[in-house]
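Shown next, in structure tokens, is the structure this report addresses.
The values are calculated or read from the model by the stated rules, or taken from the named source; none is laboratory data. These figures come from a predicted structure and were not determined experimentally. Methodologically, a virtual Cβ is constructed for each residue, glycine included, from the backbone with ideal geometry; neighbour enumeration extends over all protein chains shown.
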């Protein structure tokens, strides 16, 4: 029987089939929009280390596993490796345990075993994934990078010497809301870092090589993600980015619906606000108060900020929106029926989670398992009862898309009702709306200043 190391050092067709046919499609369905940028930066072969930021527990690893073709070996905190069936499944998913001091026992020895397997994986030309921050970071900010990834990379480089070898691929994971379901995520793969460039320094002074490589990776990761440096004004800056990121993209001649252009615009905006936080406390306090008043006004009128980009709403536009709701109602009902069990169980299990960072991961795993069973039953029934091939195809399409279309339907309903309220407020020249627009324009001046 092959050892675990031997299995992980080769591609596994069972793992590939499971990921390609089930995990990847369901991972994409979990989000409203899954945007993947920079896949052309990923080397087609050779020993690779993927290095994403860590804001969403196991979903961080899943984001990498599901959006590229390499079979990546990840490490995860050891306290989830308790039951034999869980260990077997995680090993099948190419996930190994990493022990912390708080886990007790002979954690150093156990980690040495994991590091040994990882080293063999890289020396065999396979891919490895490490979350270089080491610990979960709930903020849109890159935390300090731990030295483990650099020790791993440079040690594996010993097999390749001064020729080619290990490359580190920085990854930026930008979650709209890590804990929420059916939100947007933008995954950005950066240009790979050639570890061989740091190998001569490593032979001369390993500690210095770790530090230089650490600085380089941090610089490259920050280019790929939202990185709010201010701690005291973090909430204000994040709320401002979320509220006016789209407006700033438009003001800087970028497309707010293009994932990378929107990300670059928001990065610029955040840098400006970070600078204000650092240099002008009085101005930041003014922004904080105005933003709070603006958000309270939106809540009172039950409007979304993006809606106020419109100067008017035509009655014909509303008729079209209500028409879409009417035509889409049958699909929405079917989607509600098919989605009832997985969505209900997701909420049930979510309440049992004590650690907030695992909410999204648990929800995804529960939905994955429930849909697998539910779809299997539905497919068997369809195969036993269908009359025509067209009927069978229709059933498969409903299983694949009905629930997702229902979720889009719900969003369209909320947008349409918001648009209707906005239309009525505009018609009667509502004083509260006019005051809110004035406040909005004052806040947008901050965005305009950010262009300079």
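Numerical summary
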{"read-out": "Test for residue 409: is it surrounded by 14 or more Cβ atoms within 10 Å (Cβ to Cβ), touching a helix residue (DSSP H, G or I) at 6+ places or on another chain (Cβ under 6 Å) and in the same structural domain as residue 335 (by TED's automatic domain parsing)", "value": "yes"}
{"read-out": "Residues (touching a residue at least 40 places away in the same chain (Cβ under 8 Å), more than 21 Å from the chain's Cα centre (by Cα) and surrounded by fewer than 19 Cβ atoms within 10 Å (Cβ to Cβ)) located in segment 343-377", "value": "372"}
{"read-out": "Subset of segment 166-190 [over 21 Å from residue 364 (Cβ atoms), within 19 Å of the chain's Cα centre (by Cα) and outside any strand (DSSP E or B)]", "value": "190"}
{"read-out": "Residues satisfying the stated conditions in segment 201-221, i.e. assigned to a helix (DSSP H, G or I) and without any contact (Cβ under 8 Å) to a residue 24 or more places away in the chain", "value": "201, 203, 204, 207, 208, 211, 212, 215, 216, 219"}
{"read-out": "Residue satisfying all of: in segment 305-325; part of a loop (DSSP other than H, G, I, E, B) and within 28 Å of residue 241 (Cα to Cα); nearest to the chain's Cα centre (by Cα) among these", "value": "310"}
{"read-out": "Every pair of residues 6+ apart whose Cβ atoms lie under 8 Å, when the first sits in segment 86-110 and is assigned by TED's automatic domain parsing to the domain that holds residue 74 while the second is surrounded by 12 or more Cβ atoms within 10 Å (Cβ to Cβ) and modelled with pLDDT under 70", "value": "99/107; 100/107; 101/107"}
{"read-out": "Close pairs from segment 23-48: first more than 28 Å from residue 368 (Cα to Cα), partner surrounded by fewer than 17 Cβ atoms within 10 Å (Cβ to Cβ), Cβ under 8 Å, at least 6 apart", "value": "41/191; 45/125; 46/125; 46/164; 47/124; 47/125"}
{"read-out": "Residue within segment 46-55 that is at pLDDT below 90, surrounded by 17 or more Cβ atoms within 10 Å (Cβ to Cβ) and either under 22 Å from residue 363 (Cα atoms) or over 21 Å from the mean Cα position of the chain (by Cα) (or both) present", "value": "no"}
{"read-out": "Failed item in (1) out of contact with any strand residue (DSSP E or B) (no Cβ under 8 Å at 6 or more places or on another chain); (2) crowded, with 19+ Cβ neighbours inside 10 Å; (3) more than 28 Å from residue 346 (Cβ to Cβ); (4) at pLDDT below 95, with residue 154 passing the rest", "value": "(4)"}
{"read-out": "Sole residue being in the same structural domain as residue 54 (by TED's automatic domain parsing), touching a helix residue (DSSP H, G or I) at 6+ places or on another chain (Cβ under 7 Å) and farther than 19 Å from residue 228 by Cα, chosen from 186, 152", "value": "152"}
{"read-out": "Candidates 306, 310, filtered to the one that is out of contact with any helix residue (DSSP H, G or I) (no Cβ under 7 Å at 6 or more places or on another chain), in contact (Cβ under 8 Å) with a residue 12 or more places away in the chain and outside the structural domain of residue 369 (by TED's automatic domain parsing)", "value": "310"}
{"read-out": "Residue within segment 335-352 that is modelled with pLDDT under 95, part of a helix (DSSP H, G or I) and closer than 18 Å to residue 242 by Cα present", "value": "no"}
{"read-out": "Exclusive hit being buried (at least 18 other Cβ atoms within 10 Å of the Cβ) and at pLDDT 95 or above, set 316, 329, 303", "value": "303"}
{"read-out": "Selection within segment 191-210 - surrounded by fewer than 18 Cβ atoms within 10 Å (Cβ to Cβ) and within 28 Å of the chain's Cα centre (by Cα)", "value": "191, 194"}
{"read-out": "Qualifying position, being more than 30 Å from residue 232 (Cβ to Cβ), surrounded by fewer than 21 Cβ atoms within 10 Å (Cβ to Cβ) and more than 26 Å from the chain's Cα centre (by Cα), among 111, 91", "value": "111"}
{"read-out": "Check on residue 263, in contact with a strand residue (DSSP E or B) (Cβ under 8 Å, 6 or more places away or on another chain), touching a residue at least 60 places away in the same chain (Cβ under 8 Å) and under 20 Å from residue 140 (Cβ atoms)", "value": "yes"}
